[in-house]
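Asker: Okay, handing you the structure first.
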Amino acid sequence: MENLGEKIDLTSEPRALMRALGDYRTPRIARSVIELLVTLIPFVFFWTLSCVVLSAGHWLGLVFTLPAAGFLVRLFMIQHDCSHGAFFLSRRANDWVGRAIGVLTLTPFDFWRHTHRYHHAHSGNLDRPRIGGIDTLTVEEFFDLPRKERMRYRLYRHPFILFVLGPAYIFLLDNRLPVGFMRAGWMPWLSTMMTNAAILVLVSAMMWMAGIVPFLLVQLPITQLAGTIGVWLFYVQHQFEDTFWEHDPDWTFQKAALHGSSHYDLPGILRWFTANIGVHHVHHLCSRIPFYRLPDVLRDYPELRGIGRLTLWQSFASVRLVLWDEKKHRLVSFKEASD
């Protein structure tokens, strides 16, 4: 395969890059099935092990909720690929595997897919509603707010709210109703209500087999840990200092994808558990690429590795970046915005 970087400037010709990435879109069915099995089976194993050990009166069982949460994050990433039609060739297979995993991740698949596609289509556009992402105001928008609303935004952007209370609220409560889309037709309601019904059946069966207390002692930490990890990943994929935000006249899908999404360069074991979602700039350019083929793109086009690159250590600094400065064209902290 010829190296695209020898012919074009990747930073100035993302449309050409998008065309080239089409070569990676075809999923390998055997690989997809294997990836699903090596994620689902260990999740069930560690969930069951946690419950059995706790039921026997040994609090050591809580230790096993950590790997269970890791595998649940990976299941969510497979569900995410299904939402883009990237995991299987068949749309029906993508839909039903995504819906089934959605019962485990407490996420109504069809409704979530709808909001997530909106996020992909409009990410980084200051003139579009910021649906499916972390609420981010510009410096001007923030200081135009009444004092009470500014305090509310400060509270919302506090790390404890974003990464502890926020994930619990999203997955346990917010996902139970089509919030923001109550009058958007039947699909949001059908998706959420059918998912809720399936969750109720599964939870009832698990409580009957394991007991109410052991079930809650296992499931709640797993949900919290996996939710926190998931929200953190989503946060750092777009909330980094030199990300891309523009108004309609200067916004393009290609620029927003390539420069408004990070390359979260994680250690190998974390890349595996997060299903390469850190290669987010490539994913936004071509969301039909299965997660297991994203490393192939970086191998063939190494120029992409340095665009929006964040290491695990560097990513922690992004927590303080809360407002988009339209003059500086970067995210800034509350302190920087006040200076």
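The values are calculated or read from the model by the stated rules, or taken from the named source; none is laboratory data. This one's a predicted model, so the numbers in the text were calculated from it and none came from an experiment. All Cβ positions, glycine included, derive from the backbone under ideal geometry; neighbour counts span all protein chains shown. Heads up: the accessible areas ignore ligands, DNA and RNA and are worked out on the full protein's heavy atoms, side chains in. Shrake-Rupley method; radii C 1.70, N 1.55, O 1.52, S 1.80 Å.
Asker: How large is the accessible surface per residue of the range 25-332, computed with a 1.4 Å probe and reported in Å² as a whole number?
Answerer: Per-residue accessible area for the range 25-332 comes out at 48 Å².
Asker: Can I ask one more? Can you classify the range 276-319 as rounded, prolate or oblate using the Cα gyration tensor, where a ≥ b ≥ c are the square roots of its eigenvalues, rounded means a/c under 1.5, and otherwise it's prolate if a/b beats b/c and oblate if not?
Answerer: prolate
Asker: Explain nothing, just the number: relative contact order of the chain, from Cα pairs under 8 Å at least 6 residues apart, as a whole percent.
Answerer: So the answer I get is 23 percent.
Asker: Around Tyr118, with a cut-off of 13 angstrom between Cβ atoms, what is the net charge of the other residues, counting Lys and Arg +1 and Asp and Glu -1?
Answerer: +4
Asker: Please give the helix 29-55 orientation as an angle from the longest Cα principal axis of the chain, in degrees from 0 to 90, rounded to the nearest 10.
Answerer: The angle comes out near 50 degrees.
Asker: So what is the calculated 222 nm ellipticity per residue for the chain, using -39500 (n - 2.57) for each DSSP H run with n of 4 or more, over all residues, to the nearest 500 deg cm²/dmol?
Answerer: Calculated at 222 nm, the ellipticity per residue is -17500 deg cm²/dmol.
Asker: Stretched out fully, how many nm does the piece from Leu62 to Met207 gain, at 0.36 nm a residue minus the Cα gap?
Answerer: Computed gain between Leu62 and Met207 is 50.5 nm.
Asker: Which far-off residues, 5 or more places away or on another chain, put their amide H under 5 Å from the one on Thr138, with H placed in the peptide plane?
Answerer: Residues meeting the criterion, in which the H sits 1.01 Å from N, are Trp324.
Asker: Given a 10 angstrom Cα cut-off, can you work out which residue in Arg128, Arg99, Arg152 is the most mobile in a GNM of the chain?
Answerer: Among Arg128, Arg99, Arg152, the largest mean-square fluctuation in the Gaussian network model of the chain belongs to Arg152.
Asker: Can you say what percent of the DSSP beta bridges in the range 25-332, counting only those with both residues inside, are antiparallel? Round to 5.
Answerer: Around 40 percent antiparallel, to the nearest 5.
Asker: Could you give each residue of the range 93-105 its phi-based ³J(HN,Hα) in whole Hz, using Karplus coefficients 6.51, -1.76, 1.60 with θ = phi - 60°, and x for Gly or Pro?
Answerer: 5, 4, 5, 7, 5, x, 5, 5, 5, x, 5, 6, 8
Asker: What is the extension gain from Gln254 to Leu298, computed as 0.36 nm multiplied by their sequence separation minus the C-alpha to C-alpha distance, in nm to one decimal?
Answerer: 14.1 nm
Asker: Taking a ≥ b ≥ c as the square roots of the eigenvalues of the Cα gyration tensor of the range 63-149, is the shape rounded (a/c under 1.5), prolate (a/b larger than b/c) or oblate?
Answerer: Oblate shape, in that a/c is at least 1.5 and b/c is the bigger or equal ratio.
Asker: Another question, then. Using each residue's phi in the range 321-332, evaluate 6.51 cos²θ - 1.76 cosθ + 1.60 at θ = phi - 60° and report the 3J(HN,Hα) Karplus result to the nearest Hz, with x for Gly and Pro.
Answerer: Here the 3J(HN,Hα) series is 8, 10, 9, 8, 8, 6, 7, 8, 6, 7, 7, 9 Hz.
Asker: Once label points are set 7 Å from the Cα along Cα→Cβ at both Ser90 and Arg150, what is their separation, rounded to one decimal in nm?
Answerer: For Ser90 paired with Arg150, the spin-label model returns 5.7 nm.
Asker: Roughly how many nanometres apart are two label points built 7 Å out from the Cα toward the Cβ at Ala30 and Phe45?
Answerer: 2.2 nm
Asker: Here's something else I'd like to know. What residue among Val103, Val231, Val203 has the largest mean-square fluctuation in a Gaussian network model of the chain, using Cα springs under 10 Å?
Answerer: Val203
Asker: Taking the Cα atoms only, what angle lies between the long axis of helix 65-83 and the longest principal axis of the chain, rounded to 10 degrees?
Answerer: Roughly 60 degrees, rounded to the nearest 10.
Asker: Using the Cα centre as the reference, give the magnitude of the dipole from point charges on the C-beta atoms of the chain (Lys, Arg: +1; Asp, Glu: -1; all else neutral), rounded to the nearest 20 debye.
Answerer: 740 debye
Asker: May I ask you to derive the FRET efficiency for Arg130 and Val52 from their Cβ-Cβ distance with R0 = 41 Å, giving the value to the nearest 0.05?
Answerer: So the FRET efficiency works out to roughly 0.40.
Asker: So how far, in whole Å, is the C-alpha centre of the range 256-332 from the one of the range 41-76?
Answerer: Their Cα centres are 29 Å away from one another.
Asker: Ranked highest first by average number of other Cβ atoms within 10 Å, how do 78-86, 31-39 line up?
Answerer: Peptide ranking by packing, descending: 78-86, 31-39.
Asker: Just want the answer: with Cβ charges of +1 for Lys and Arg and -1 for Asp and Glu, which residue in Met18, Phe87, Phe46 is farthest toward the dipole's positive end in the range 8-113?
Answerer: Phe87
Asker: Taking all protein chains as present, what is the carbon and sulfur share of the accessible area of the chain, in % to the nearest whole number, probe 1.4 Å?
Answerer: Of the solvent-accessible surface of the chain, carbon and sulfur hold 66 percent.
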